[in-house]
Amino acid sequence: MHTLELAGRRFTITRASAEDLLAIVALLADDVLGRDREGAGMATYERAFHQIDQDENQLLVAVRDADDRVVATMQLTLIPSLSRAGATRLQIEAVRVAESTRGSGLGTALFRWAHEWGREHGATLAQLTTDSSRTDAHRFYDRLGYLPSHVGFKLPL
């Protein structure tokens, strides 16, 4: 899909495949919050992956390093909306970068790539949610130009 060259390191951004699922779930679980909420068994992840993969408004990203290891992921969703004069929104979720790759500039480059992907698909606004306890992520999103303009609420169903 796309190659990024960062400080002498090469990363490849691709559409995730079913073969990437174990690595992506491991990235989701390798996190303070993910340790407690991930790992329900692969069948649930496989069902979700197939739903995402079949939806033309979804892109699950797998980022590989030069050794072909999945070192980052994010899920992009295009949301058509009546609000904002019929704007299409780019929702960015489930962003993870492997600990071994953090600080390389990959996160920033990946977001820039995601913003361009969104523009190419008609999005005029990028949005994301992040847990209120993720203060490092908040600083990162602030540096990217995101504004904390809304308060989010969740209700388990």
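The values are calculated or read from the model by the stated rules, or taken from the named source; none is laboratory data. The structure displayed is predicted, hence computed values, not measured ones. Note that we place each Cβ from the backbone using ideal geometry, even for glycine, and neighbour counts take in every protein chain shown. Note: accessible area is taken over every heavy atom of the protein model, side chains too, but ligands, DNA and RNA are not part of it. Shrake-Rupley method; radii C 1.70, N 1.55, O 1.52, S 1.80 Å.
Of note:
- Within the range 25-53, the set of residues being of a type in the set (Gly, Ala, Ser) and either modelled with pLDDT of 95 or more or open to solvent by less than 20 Å² (accessible area, probe 1.4 Å) (or both) comprises Gly34, Ala48.
- When Ser104, Ser133, Ser100 are checked against the criterion of being open to solvent by less than 50 Å² (accessible area, probe 1.4 Å) and small (Gly, Ala, Ser), a single residue qualifies: Ser104.
- Of all residue pairs spaced 6 or more apart or on separate chains, none has beta-carbon atoms under 9 Å together with a first member in the range 110-122 that is touching a residue at least 60 places away in the same chain (Cβ under 8 Å) and of a type in the set (D, E, K, R) and a second member that is open to solvent by 40 Å² or more (accessible area, probe 1.4 Å) and in a helix (DSSP H, G or I).
- Within the range 54-92, if we keep just the residues that are touching a residue at least 24 places away in the same chain (Cβ under 8 Å) and open to solvent by 60 Å² or more (accessible area, probe 1.4 Å), the residue that is nearest to Gly152 (Cα to Cα) turns out to be Arg84.
- For the range 123-142, the criterion of being under 21 Å from Thr12 (Cα atoms) and at pLDDT 95 or above is satisfied by no residue at all.
- Selection of first residues in the range 3-14 that are of a type in the set (D, E, K, R) and of second residues that are open to solvent by less than 30 Å² (accessible area, probe 1.4 Å), restricted to Cβ pairs under 6 Å at least 6 apart or on distinct chains, gives an empty result.
- Which numbered condition Leu27 fails, given (1) in contact with a Phe, Trp or Tyr (Cβ under 6 Å, 6 or more places away or on another chain); (2) in contact (Cβ under 8 Å) with a residue 40 or more places away in the chain; (3) among the aliphatic types (A, V, I, L, M): (1)
- Scanning the range 107-130 for residues that are closer than 16 Å to Arg64 by Cα and surrounded by 15 or more Cβ atoms within 10 Å (Cβ to Cβ) yields Gly107, Ala109, Leu110, Phe111, Trp113, Ala114.
- Scan of the range 52-70 for residues that are farther than 16 Å from Arg15 by Cβ and in contact with a strand residue (DSSP E or B) (Cβ under 8 Å, 6 or more places away or on another chain), ordered by number: Asp65, Ala66
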